1. I'd like to know if the range 92-108 contains one or more residues that are exposed (fewer than 14 other Cβ atoms within 10 Å of the Cβ) and either in contact with a Lys or Arg (Cβ under 6 Å, 6 or more places away or on another chain) or at pLDDT below 60 (or both).
2. Restricting attention to the range 169-178, and to residues there that are in contact with a strand residue (DSSP E or B) (Cβ under 9 Å, 6 or more places away or on another chain) and touching a residue at least 60 places away in the same chain (Cβ under 8 Å), which single residue is surrounded by the most Cβ atoms within 10 Å (Cβ to Cβ)?
Amino acid sequence: MEDAQITPGNGPAAPAAQPVNPTPAQPGPGAVSQPPPGPGPKPAGAAHQASPGIPGPAAAGAPVPPPSAPGPDGEPGGRTSIAEQAVAKVAAIAARAVPGVFTLGTGAGRTLGAVRDAVAGSDSSATAGVNVEVGETEAAVDITLVADYGVPLTGIADAVRAAVYTAVEDLVGLNVVEVNVSIADVHVPDALDTRAVKRQPGTGQDQHA
């Protein structure tokens, strides 16, 4: 009897091998089972790692800066008030320094100012001939002056206006809206004063008083 030969591909296919799941070892008698790790305290010495983007607690004793109250422009808040007397003095000094200005104010105004100063004990001569109107950020100035003879009056007015503009804006910090200049009189030196020359009656000769 001949042995049966199985040709590959003609016989039934062998069953596929099934994976074998290892059976966990059971603890023997007397063995102590270990519980799974739980959320307990970390061991001492473990480094504390902060999550990125989350600031950690501030160090003990670190100084805390006081809260600030900045203004609308980021500067410290507050209010500044500038009196009209202060602006008038700045304008008066600037106007007197212009060549061709003999004095500020009029003769009558200076006389009344001197009387008022003697009674009240103040010093209004420093701002004689100067009137100002002051707002929160702007100012308007009126200047009354007596000019020296021989100097172009319009040139004096323009120079006084420019000097007052610059002084008030630079030294006071206000925006000057306008500077009105009024020339009340012209100062004539005694050598040119025609009232000092009198004609002798009947002689036709001039006589200096």
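1. Scanning the range 92-108, I find at least one residue that is exposed (fewer than 14 other Cβ atoms within 10 Å of the Cβ) and either in contact with a Lys or Arg (Cβ under 6 Å, 6 or more places away or on another chain) or at pLDDT below 60 (or both), so the answer is yes.
2. Ranking the qualifying residues of the range 169-178, first place goes to 174.
The values are calculated or read from the model by the stated rules, or taken from the named source; none is laboratory data. In this text the structure is predicted, and so the values were computed from the model without any measurement. In this analysis, Cβ positions are derived from the backbone assuming ideal geometry, glycine residues included, and neighbour counts consider all displayed protein chains.
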